[in-house]
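K.L.:
Below you'll find the structure I mean.
The values are calculated or read from the model by the stated rules, or taken from the named source; none is laboratory data. Every value quoted in this text rests on a predicted model; they were computed, and no experiment measured them. Because the Cβ atoms are built from the backbone with ideal geometry, glycine has one as well, and the counts that use them run over all protein chains shown. Side chains included, ligands, DNA and RNA excluded: accessible areas come from the protein's heavy atoms. Shrake-Rupley method; radii C 1.70, N 1.55, O 1.52, S 1.80 Å.
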Amino acid sequence: IESVLNQKTNFPVQHIIVDNASTDGTAEIIAGYAAQHPSITPLLFKKTAARGENLRVLFKQCLSTYAALCDGDDYFTDPNKLQTQVNFLERNKDCALCFHPVHVVYEDGSPSKLYPPETLLPGGVRLRYSLNDLLVANFIQTNSVVYRWRFRDGLPDWFDPSLLPGDWYWHLLHAETGAIGYLRKPMSAYRRHAASLYALAEKNHVAHRHRHGLQELRMYT
């Protein structure tokens, strides 16, 4: 929350925070910040939402020209991140989204690294990538993206908030409408911990596919 509040921009930022009926005091923390900062819009579920419904509620609240994402365990590291990316999209009208590498921070103390490694980028380092490039692999970490928001007029009926991995789905939906811009400067951190949904992706690719492969295939289809 503080990494978003610390952003320096020449435009107003609406910070929409969804809490899906957590029981660890998070909702109270969010409410406390919202009481002090009118830029924060808290969406606090009293009971656990049906699969994907919390996401649908979040996205329905977003009616701005641009949108950025930041999962609850991640954070921005550069106070100029949002301004830098919005400036890029303002200058490059053909781009529907832009992203940058992130610092992967391991809770077990393993050395941090950058994601994506530039060897993963299709065709090497370029200023722009395409929908076809993104279909090869999801090289965009969730909190590195800023979209030229496709759903300013609301979510269409066909939008499926239950798909996994959700961020790849959202990236692809925006890449349908324009190019993908790349900025080489890391401006956020992505935390890895053993209990996370995609913890297996790095350690055991086969086990990861066994657990999540059918869901990913459904998203890809």
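K.L.:
Give segment 67-107 a look and list any residue that's closer than 19 Å to Arg128 by Cα and open to solvent by 40 Å² or more (accessible area, probe 1.4 Å), or say none.
P.N.:
Of everything in segment 67-107, those that are closer than 19 Å to Arg128 by Cα and open to solvent by 40 Å² or more (accessible area, probe 1.4 Å) turn out to be Ala68, Thr84, Asn87, Glu90, Arg91, Lys93, Asp94.
K.L.:
Surrounded by fewer than 18 Cβ atoms within 10 Å (Cβ to Cβ) and modelled with pLDDT of 95 or more, is that true of Arg148?
P.N.:
Details: surrounded by fewer than 18 Cβ atoms within 10 Å (Cβ to Cβ): no; modelled with pLDDT of 95 or more: yes.
Criteria not met by Arg148.
K.L.:
For residues that are within 16 Å of the chain's Cα centre (by Cα) and open to solvent by less than 50 Å² (accessible area, probe 1.4 Å), scanning just segment 29-56, find the one that is nearest to Leu155 (Cα to Cα).
P.N.:
Leu55
K.L.:
Identify, by number, the condition in (1) assigned to a loop (DSSP other than H, G, I, E, B); (2) touching a Ser or Thr at 6+ places or on another chain (Cβ under 8 Å); (3) under 27 Å from Gln85 (Cα atoms) that Ile17 doesn't meet.
P.N.:
(1)
K.L.:
Among what's in segment 72-115 and is under 14 Å from the mean Cα position of the chain (by Cα) and part of a loop (DSSP other than H, G, I, E, B), pick the residue that is nearest to Tyr182 (Cα to Cα).
P.N.:
By that ranking, first place goes to His100.
K.L.:
Answer yes or no as to whether Val4 is under 20 Å from Lys81 (Cβ atoms), surrounded by 15 or more Cβ atoms within 10 Å (Cβ to Cβ) and among the β-branched types (Val, Ile, Thr).
P.N.:
Values: under 20 Å from Lys81 (Cβ atoms): yes; surrounded by 15 or more Cβ atoms within 10 Å (Cβ to Cβ): yes; among the β-branched types (Val, Ile, Thr): yes.
For Val4, the condition - under 20 Å from Lys81 (Cβ atoms), surrounded by 15 or more Cβ atoms within 10 Å (Cβ to Cβ) and among the β-branched types (Val, Ile, Thr) - is met.
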